[in-house]
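What follows is one structure encoded as structure tokens, with my remarks underneath.
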There are 2 protein chains.
Amino acid sequence: MSEPRRLTTRGAQRRAQLLEYATHRFAQTGYHPTSITDIVDGIGVGKGVFYWYFDSKETIFEEILRGAQKQLRTAQQLATAGTKDPIERLAQGVRASVIWSASNPDLVTLFDFAQTDERFSNLVRAGRTVLINDTAAVLREAIKARRIPPNDADLLAYAILGVSTQLTMVHFQKQEKSPQTIADVVVQFCLQGIGARQPTSV
Amino acid sequence: MSEPRRLTTRGAQRRAQLLEYATHRFAQTGYHPTSITDIVDGIGVGKGVFYWYFDSKETIFEEILRGAQKQLRTAQQLATAGTKDPIERLAQGVRASVIWSASNPDLVTLFDFAQTDERFSNLVRAGRTVLINDTAAVLREAIKARRIPPNDADLLAYAILGVSTQLTMVHFQKQEKSPQTIADVVVQFCLQGIGARQPTSV
DNA sequence: CAATATCTTGACCGGTCAGTCAATACTGTT
DNA sequence: AACAGTATTGACTGACCGGTCAAGATATTG
């Protein structure tokens, strides 16, 4: 295909169906072990259908990643919109990130893999850099306002990301903890970690 | 091969050479994209040599993982041996973990991948559980001694792991920060995160 | 009702890969 | 030197995979 195609309603649906099913299979079985044949067989169409809507296995995976990154960032922006206090914004952003991840295990799985594959690691890094910059900006605000002690904002942002992703993984492995519980622990740990005066209620 | 073979000195060396080179290639190129042919060609031997020393691509990878897990745990135990104070032990363990990771980027890369592959995720999880239990035990000590507020020790341990791994990744991506600097930030963030009274010198 | 664009089929192609194996070389022992 | 266990070779097998394409089905438009 290559150039953007004109899609009928039917075509747009088929394309969305391929994206959704491929996401699931990639997350379930892994990117490399999942063949295009697996995907089209699973949907019950011929192999050519896949190549009518996508250039390659690589590009569909990239599109899935980009979509997921956009989703996550939007969720964060929505959660923090309208809040002024930097510490509050931070807590809300972290909470939104944990909740979104808990609701999208397949996409989180794909992020994890993509990070380990040379073909996609740059894309993942780029998307993550955006999130880190968002977080670091809030942290710098907080430092300026003397709400937290001065420190390398980027490193703190990465630390917060690390806590979030790791504890989200725990939620996937042992269902017992609800996403809210996890989010509470993440927020508390991170606010204390950056040296915020009070764990702002929680 | 299957059953443990009797190896001559030469054989043991060849086996070690395969392990080392395979580790490097898997980390560099990825597990799936690296073929057995790539490995034996890189060493300059025939394909049969590989299957003389290992059952399959899967088993050599598992052996690499197990070895790395053992290495990391040993490093931690060595670092914390002889220290009584739980907070001190925690800090030393974290520091050792960061330093080890920084010195073994290939193995860290393999951990990351293995986690994302159904074939190996159980093994990774098992090894990580051991480390988590070690850390959680120290945390429980600290809670009992009222050095930190009561909290779910396992969750805290995972949070600490998350900070360590994420900031280690930062070190890999931007060389500018030394492992020691990274370790300092990790220790500070985590001690504050768990609510330890004073960031014990640092 | 053509004519045109969108969509679908599935056999096929060139290539790669994990793993096998019979033949051969090496090494130490008696 | 003869023997046996260890080590190495590399062509070969069977399977699979990403991607192509000519042919045909379906929908849209003038």
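The values are calculated or read from the model by the stated rules, or taken from the named source; none is laboratory data. The shown structure was predicted, so the numbers you read here are calculated from the model rather than taken from an experiment. Cβ sites come from the backbone with ideal geometry, for glycine too, and all protein chains shown count toward neighbours.
Among the residues of segment B:176-186, are any touching a residue at least 12 places away in the same chain (Cβ under 8 Å), more than 10 Å from chain A (Cβ to nearest Cβ) and touching a Ser or Thr at 6+ places or on another chain (Cβ under 8 Å)? Yes, segment B:176-186 has at least one match. Condition check for A:Val138 on (1) over 22 Å from B:Ser178 (Cα atoms); (2) within 12 Å of another protein chain (Cβ to nearest Cβ): one failure, at (2). Looking at segment A:1-19, is at least one residue within 16 Å of DNA strand C (Cβ to nearest atom), within 14 Å of chain B (Cβ to nearest Cβ) and more than 30 Å from A:Ala136 (Cβ to Cβ)? No, segment A:1-19 contains no residue that is within 16 Å of DNA strand C (Cβ to nearest atom), within 14 Å of chain B (Cβ to nearest Cβ) and more than 30 Å from A:Ala136 (Cβ to Cβ).
Would you pick out the residues in segment A:117-127 that are farther than 16 Å from A:Ile64 by Cβ and modelled with pLDDT of 95 or more?
A:Arg125
Here A:Gly82 clears all of (1) within 30 Å of B:Glu118 (Cα to Cα); (2) small (Gly, Ala, Ser); (3) more than 15 Å from DNA strand C (Cβ to nearest atom) except the condition numbered (1).
Residues that are touching a helix residue (DSSP H, G or I) at 6+ places or on another chain (Cβ under 9 Å) and within 16 Å of DNA strand C (Cβ to nearest atom): does segment A:90-111 have at least one?
Within segment A:90-111 (the criterion being touching a helix residue (DSSP H, G or I) at 6+ places or on another chain (Cβ under 9 Å) and within 16 Å of DNA strand C (Cβ to nearest atom)), the answer is no, since none of the residues qualifies.
Rundown of residues vs (1) surrounded by 20 or more Cβ atoms within 10 Å (Cβ to Cβ); (2) more than 14 Å from chain A (Cβ to nearest Cβ); (3) within 16 Å of DNA strand C (Cβ to nearest atom); (4) not in a helix (DSSP H, G or I), yes/no style:
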| residue | (1), (2), (3), (4) |
| --- | --- |
| B:Arg25 | no, no, yes, no |
| B:Tyr31 | yes, no, yes, yes |
| B:Thr59 | no, yes, yes, no |
| B:Ala68 | yes, yes, no, no |
| B:Gln77 | no, yes, no, no |
| B:Glu88 | no, yes, no, no |
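Within segment B:33-54, take every residue that is in a loop (DSSP other than H, G, I, E, B) and among the small types (Gly, Ala, Ser) and give me the one that is farthest from DNA strand C (Cβ to nearest atom). The residue in question is B:Gly44. Can you pull out every residue in segment B:159-175 that is within 18 Å of B:Asp112 (Cβ to Cβ), at the interface with another protein chain (Cβ under 7 Å from one of its Cβ atoms) and surrounded by 24 or more Cβ atoms within 10 Å (Cβ to Cβ)? Answer for segment B:159-175, where residues must be within 18 Å of B:Asp112 (Cβ to Cβ), at the interface with another protein chain (Cβ under 7 Å from one of its Cβ atoms) and surrounded by 24 or more Cβ atoms within 10 Å (Cβ to Cβ): B:Gly162, B:Val163, B:Leu167.
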